[in-house]
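The values are calculated or read from the model by the stated rules, or taken from the named source; none is laboratory data. None of the values given here were measured: they were computed from a predicted structure. Note: ideal-geometry Cβ built from the backbone for every residue, glycine included; neighbour counts use all protein chains shown. Remember, those area values only see protein heavy atoms, side chains included, never the ligands or the DNA or RNA. Shrake-Rupley method; radii C 1.70, N 1.55, O 1.52, S 1.80 Å.
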Amino acid sequence: MHAPISRRTILAAGGGIAAATAVGGTGLATAAAADPASTNGYVDVQLLNITDLHGYLQPPADGSGGLITGAGGATVRVGGVAYLASHLKRIRRSDANSIFCSAGDNFSGWPYEVDSQNNEPTIEVLNKLGLRFSSVGNHELDKSTDFLLHHMQDGHRYPYDEPFVDFVDSTGRRFHGADWTFHTGNVVHRDGNRLVAPAYNIEYVDAGRGRRIPIGFIHLTVEGCVEGPGFNCSYQPTLATTDLIAAANRSAAALKRRGVNALIVVMHEGGVAGSDYNSGTNPTGPAFDLAAVADPDIAAIVTGHWHCRFNMMVPGPDGVPRPVTEAGCNGQLVTEVNLKLDPSSGRFVRELTSATNHAVTRDVPADPEVRDIVDYWVAAADRLAATPIARQTGDLVRTPNADGESTLGNFVADFIQWDAEQDGPRAAAEFAFLPVLPPVGRSALTGDLPYATESSEDGVISYGAAWRAYGFDSPIVTVTMTGDAFRRGLEQQWQTQPDGSVKYAPVAVSRQVRYRYDVTKPVGQRIDPATVTIDGAPLDPDRGYRVATNAYTVLAYDGYPAFTEYTDAVRHSLDHEGFIRYLRLRKVVSPPALGRARSATGEHAPSDTPPTGSGSDARPEPPGEPSSR
């Protein structure tokens with residue numbers, strides 16, 4: 001075996017930080033990483049990584065991540081799992097020392113064809129691509145840990161709504177789950193502080209002569225993703241997250257106690273480092289904070305969550321560089337990290353590491369087998385969309401009356417109250433509400449359900465129409481809210497703008513609620529507390545009521561501060577799924593009567609209520625940089 005070169009020689013050759021600087025370029029920890037004489041005698045390990053696929057099986061539109069920037073501002077059109085498969089075949093080595101993994105958010109995606117089918121299409125595709133393991137992303141917690149581990153990972157049935165328990169895959173078999181595992185070292189159950197999934201996994205590589213050397217993969221999930229605010233879809237009141245750096249070092253120590261000295265971090269948390277997908281400038285973010293201080297035996301850090309693209313070498317606490325990379329989102333890139341493993345110590349020689357981000361371009365032939373899988377699921381989604389699930393006796397639409405009420409708004413508010421009742425006495429809500437036109441963010445009412453349509457028989461509600469009418473995969477929650485907080489939230493339907501105008505942001509209430517308003521009075525004093533009733537009884541300002549709404553609202557996304565004053569949250573269905581279930585169980589539905597909110601003077605609130613437009617398919621996410629994560 002080639003005698004190991006000295007660390008001093010390597011550092012002198014390469015300096016403290018190196019980074020790829022051109023499209024298709026390779027980032028080197030030191031100059032010695034490109035020297036065959038220096039790398040001879042070590043065990044080669046190839047790590048391939050993707051992140052934040054989000055179920056984008058088809059090529060994304062340019063505005064949804066289909067166009068990325070390389071060196072010099074050159075743009076590249078990317079994405080589509082059939083092209084991803086072709087690039088993986090080109091990049092991947094054929095031996096057992098090539099390991100393909102993900103940094104999370106594989107599913108819980110925006111495309112209708114995956115979201116409406118339990119995200120099972122994404123799992124089948126990743127099985128076909130040979131994924132070995134994944135970190136838990138925040139969106140993989142959008143439903144529940146039971147859904148993640150028992151259905152998506154292990155293939156057990158997920159009985160949220162017959163006959164849509166699970167779907168038939170492209171082979172004609174019932175969904176059987178992932179051929180790989182999920183991991184996180186810092187998402188825990190609040191009850192007992194137990195991890196929801198294993199913190200790390202161990203993979204073995206071939207060192208020749210019958211020897212196998214273990215590699216420990218340490219997994220992390222973005223802090224705060226289950227607690228709120230700042231996250232909506234993955235809000236899970238029974239879970240919590242712990243410190244990333246402490247969790248990484250804890251797993252590193254545990255692995256080394258087991259004799260595993262070669263360590264890699266795969267984390268669903270990242271950063272930002274410029275616009276060139278294969279280099280990096282001015283790095284900032286939690287991934288870079290971790291890279292600077294985490295256990296020096298960690299040889300590489302592949303990241304996600306921020307939907308950013310970079311490839312950098314960052315010194316660890318011992319001054320030796322290690323790659324910190326992120327592969328964007330929606331199938332844009334494949335990160336390749338090449339590492340050298342010292343068979344005598346079982347450690348990576350960090351100075352000899354190199355990394356490259358490969359663009360998943362569409363100038364190669366699409367893999368025919370993966371393309372066929374995608375085509376199968378797209379066709380299945382079209383059939384599902386046309387499936388009748390209920391009948392209606394009249395229009396359920398967003399068109400408001402003079403008081404800002406609509407038949408669809410009231411109908412959905414009634415649904416939310418019903419959905420909370422399905423989870424037992426503690427979860428049952430006394431009433432519900434839903435912002436119809438929030439002052440910020442976006443409305444959960446995203447389409448109409450008219451009685452007469454051109455695409456189906458009059459009075460028939462299809463699966464696809466219901467899915468498009470309400471929801472963006474925000475969970476429904478029941479919380480305790482005082483009567484005073486609820487009344488102040490209703491007052492916040494009128495908000496004074498910087499130019500002095502008053503914006504009207506109506507809120508739909510369930511059938512238990514009645515109130516009167518007076519737009520001739522000042523903003524903040526338009527609802528007489530004496531007129532607010534719950535099931536005919538006056539609202540008690542000091543009493544805590546069990547109230548249901550979307551998590552999006554109580555987590556401060558849509559601009560009603562009073563509605564964020566809550567305690568004791570209990571989570572229910574995701575909005576899409578619960579709404580489908582409600583319609584199917586009721587079978588025949590009618591537009592609810594209006595008149596839950598009435599003008600006390602005959603002057604309305606206001607007469608020029610802005611019209612509602614069709615909503616986009618994108619899930620609402622935390623505002624700020626990066627807005628798309």
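Using DSSP to call loops (not H, G, I, E or B), can you name the trypsin sites (Lys or Arg not before Pro) in the range 172-209 whose Cβ has at most 11 other Cβ atoms within 10 angstrom?
Details: sites: 173, 174, 190, 194, 209; in loops: 173, 190, 194, 209.
Within the range 172-209, the qualifying trypsin sites (Lys or Arg not before Pro) (loop, at most 11 other Cβ atoms within 10 Å) are 173, 194, 209.
So, R0 is 51 Å and r is the distance between the beta-carbons of residue 284 and residue 156; what FRET efficiency does that work out to, to 0.05? E between residue 284 and residue 156, to the nearest 0.05, is 0.80. Normalised radius of gyration (Cα atoms, divided by 2.2 N^0.38 Å) for the range 26-128: 1.33. Ignoring lysines fewer than eight residues from residue 503 along the same chain, the ones with Cα atoms less than 29 angstrom from its Cα are 521. Within the assembled protein chains, the solvent-accessible surface assigned to residue 169 is about 10 Å², based on a 1.4 Å probe. In the context of the full set of protein chains, residues of the range 162-240 present 42 Å² of accessible surface per residue (probe radius 1.4 Å, heavy atoms only).
Within a straight-line Cα-Cα reach of under 27 Å, residue 128 can be paired with the following lysines, leaving aside sequence neighbours fewer than 8 residues apart in one chain: 89, 143. Straight Cα distances below 29 angstrom link residue 256 to the lysines 340, with same-chain residues fewer than 8 positions distant left out. Between residue 353 and 29, 30, the built amide H atoms are under 5 Å apart, and every one of these is 5 or more places off in sequence or on another chain. Between residue 369 and residue 568, the contour length at 0.36 nm per residue exceeds the Cα-Cα span by 66.8 nm. Taking all protein chains together and a 1.4 Å probe, the residues 521, 340 rank 521, 340 from largest to smallest accessible area.
Accessible surface ranking for 156, 576, 1.4 angstrom probe, highest first: 156, 576.
Scoring 458-469, 422-433 by mean Cβ neighbours within 10 Å over their residues and listing the highest first yields 458-469, 422-433.
Only Cα sites of the range 101-179 enter the Debye sum here, all with the same form factor; the resulting log10 I(q)/I(0) across q = 0.14, 0.21 1/Å is -0.40, -0.96, listed in q order. Packing around the peptides 115-123, 69-77, taken as the average count of other Cβ atoms within 10 Å per residue, puts them in this order, highest first: 115-123, 69-77. Within the accessible area of the range 263-376, the carbon and sulfur atoms contribute 51%, probe 1.4 Å, all protein chains present. When you restrict to C-alpha pairs under 8 Å that are six or more residues apart and normalise by the size of the chain, the relative contact order lands at 16 percent. Between the listed residues 266, 229, 167, the Cα displaced farthest toward the positive end of the dipole of the chain, a dipole computed from Cβ unit charges relative to the Cα centre, is found at 266. Near residue 175: Cβ cut-off under 10 Å, other residues only, Lys/Arg at +1 and Asp/Glu at -1. The net charge is -1. Ordering 79-85, 396-402 by mean Cβ neighbour count within 10 Å, with the highest value first, yields 79-85, 396-402.
When the chain is described by a simple charge dipole with +1 on each Lys and Arg Cβ and -1 on each Asp and Glu Cβ, the residue from 399, 370, 561 located farthest towards its positive end is 370.
The residues neighbouring residue 541, those whose beta-carbon lies less than 9 Å from its own, together hold a net charge of -1 under the Lys/Arg +1, Asp/Glu -1 convention. Along the range 133-138 the Karplus relation, 6.51 cos²θ - 1.76 cosθ + 1.60 evaluated at θ = phi - 60°, assigns HN-Hα couplings of 5, 8, 6, 7, x, 4 Hz to successive residues, with x for each Gly and Pro.
If the chain between residue 428 and residue 603 were fully stretched, how many nm would it gain, using 0.36 nm times the residue separation less the Cα-Cα distance?
Here the answer is 59.4 nm.
At 1.306 mPa s and 10 °C, plugging the Kirkwood radius over alpha-carbon pairs of the range 191-235 into Stokes-Einstein gives what diffusion coefficient in µm²/s? Value of D from the Cα-based Kirkwood radius: 116 µm²/s.
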